[in-house]
Number of protein chains: 2
Amino acid sequence: MDQKPFQSYYPPSMAHCYGCGTLNEHGHQIKSYWEGEESVCHFMPKPYHIAIPGYVYGGLLASLVDCHGTGTAAAAAYRAVQRAMDTEPAFRFLTASLHVDYLKPTPLDIELEIRGKVKEVKGRKVVIQEWIVANGIITVRGEVVAVQVPDEMVEALSKGNPGS
Amino acid sequence: MDQKPFQSYYPPSMAHCYGCGTLNEHGHQIKSYWEGEESVCHFMPKPYHIAIPGYVYGGLLASLVDCHGTGTAAAAAYRAVQRAMDTEPAFRFLTASLHVDYLKPTPLDIELEIRGKVKEVKGRKVVIQEWIVANGIITVRGEVVAVQVPDEMVEALSKGNPGS
């Protein structure tokens, strides 16, 4: 794959997220890419990401939907204005709401595929539909409503002063 | 508090969950209790549970809503049939769906309070409404639809054979 992952374009001040930040050494560091009109991310859960024996814990699945969703939202926002992801100003999204339906138990010990599709781009809001595939079977469906981080917060973060 | 947490009643075969299992040494090991008609859980995020600097990552918040929800669902199921949580057969719930609204950024470095209220107990399904309070402010609202683990799965797990 000759693309760089969406998350590699997050400015350093916004690359600390436990789910998707390239700078969070404890975190999942997920990597999302375009595959035509859909976005895709692969993730191998750890043995301790367990719910009941043999199955993945729902909180991890929710986290993957969440962070793949905000990454896809950012990529979609660049696409919507026909800008490359390495151009300024940087788009970064936060989750306003997250919905996850656990259709079937998701088996552990299998690399998961998280896929996303843009449902809506409207102003600073982007809605992403997602699904998780394990061994060819869709086990989870989800939806993320993502909102663009306010410009003043981007500026404050880049100055190391997020609370202001 | 003289109660034992809901999670301490999970049978060992179902106490491995990353979010709430007492036997998962890598996990969050959340502890939920009744406080009148509401359930409550306190959790201190780690510094690396970060979204953007200063704020908690949404995937953790979703996980807390998820696991506090299934714990409250189990406790509510015992209450509904007026049985103590240490009586057999054990009730254990899985999440069918999870919804989380992130109302405000949740500050890091503060102990969070996750609260739950039973919205509905109907057959093997329990719906729990939840909210997360940080520093006196509700930053998250969520809802979990939990379903009781099928009896045959409980039996298979207790025999160490979850896949059957």
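The values are calculated or read from the model by the stated rules, or taken from the named source; none is laboratory data. For clarity, every value in this text was computed on a predicted model and none was experimentally measured. Heads up, the Cβs are rebuilt from the backbone with ideal geometry, glycines too, and the neighbour counts pull from every protein chain shown. Note: accessible area is taken over every heavy atom of the protein model, side chains too, but ligands, DNA and RNA are not part of it. Shrake-Rupley method; radii C 1.70, N 1.55, O 1.52, S 1.80 Å.
Placing +1 on the Cβ of every Lys and Arg and -1 on the Cβ of every Asp and Glu, with no other charges, gives the stretch B:1-158 a dipole of roughly 260 debye about its Cα centre. A 1.4 Å probe, protein heavy atoms only, puts the accessible area of B:Trp34 near 40 Å².
B:Arg141 label point (Cα plus 7 Å toward Cβ) to equivalent points in the other copies: 2.5 nm, shortest first. If you run the Gaussian network model on chain A, springs between alpha carbon atoms under 10 Å, then out of A:Glu130, A:Glu37, A:Glu88 the most flexible one is A:Glu88. The solvent-accessible area of B:Leu23, taken with every protein chain present and a 1.4 Å probe, is close to 100 Å².
At a 1.4 Å probe radius, which order do B:His16, A:His26, A:His49 fall into by accessible area, largest first? Could the numbers behind the result be given before it?
Details: B:His16 60, A:His26 95, A:His49 10 Å².
Largest accessible area first, the list is A:His26, B:His16, A:His49.
Residues of the stretch A:35-55 whose accessible area, computed with a 1.4 Å probe over protein heavy atoms, drops by at least 30 Å² once all protein chains are present relative to their chain alone are A:Tyr48, A:Ile50, A:Ala51, A:Ile52, A:Pro53, A:Tyr55. Counting only protein heavy atoms and using a 1.4 Å probe, the accessible area of A:Val100 comes to about 0 Å². From helices alone, chain A scores -6000 deg cm²/dmol at 222 nm; the rule is -39500 (n - 2.57) for each run of n ≥ 4 DSSP H residues, then divide by the residue total. The residues A:Ser13, B:Ser32, sorted by heavy-atom accessible surface at 1.4 Å with ligands and nucleic acids left out, run A:Ser13, B:Ser32 from largest to smallest.
The residues of the protein assembly as shown present an accessible area of 44 Å² per residue when probed at 1.4 Å with all protein chains retained. Put a dot 7 Å past the Cα of B:Glu37, heading toward its Cβ, do the same for A:Glu25, and the two dots end up 5.0 nm apart. The largest accessible area among A:His99, B:His42, B:His28, A:His68 belongs to the first residue in B:His42, A:His99, B:His28, A:His68, and the rest follow in falling order (1.4 Å probe, all chains). Dipole orientation for chain A: of the candidates A:Val100, A:Ala75, A:Gly136, A:Val100 has the Cα lying most toward the positive pole (charges on Cβ; Lys, Arg +1; Asp, Glu -1). Which residues of the stretch B:94-111 bury at least 10 Å² of accessible area once all protein chains are present, versus their chain alone (1.4 Å probe)? Residues of the stretch B:94-111 that lose at least 10 Å² of accessible area once the other chains are added: B:Leu94, B:Thr95, B:Ala96, B:Ser97, B:Leu98, B:His99, B:Val100, B:Asp101, B:Tyr102, B:Pro105. Just the protein heavy atoms count here, and of the accessible area of chain B at 1.4 Å, carbon and sulfur take up 51 percent. Chains B and A together bury some 3000 Å² of accessible area, summed over both sides, with a 1.4 Å probe.
Scattering from the C-alpha atoms of the stretch B:58-164 alone, worked out with Debye: what is log10 I(q)/I(0) at q = 0.15, 0.17, 0.23, 0.24 1/Å? So the normalised log intensities are -0.67, -0.80, -1.14, -1.19.
In this assembly of identical copies, the label point of B:Pro12 (Cα plus 7 Å along Cα-to-Cβ) is separated from its counterparts by 5.0 nm, sorted shortest first.
Remark: the protein assembly as shown carries a charge dipole of roughly 380 debye about the Cα centre, counting +1 on each Lys and Arg Cβ and -1 on each Asp and Glu Cβ.
On a 0 to 90° scale, report how tilted helix B:58-80 is relative to the longest principal axis of chain B, with both axes built from alpha carbons and the result rounded to the nearest 10. Relative to chain B, helix B:58-80 is tipped by roughly 40 degrees. Determine, from the Cβ-Cβ distance of A:Glu120 and A:Val81 and an R0 of 22 Å, the FRET efficiency 1/(1 + (r/R0)^6), rounded to the nearest 0.05. With R0 = 22 Å, the Cβ-Cβ based efficiency is 0.90.
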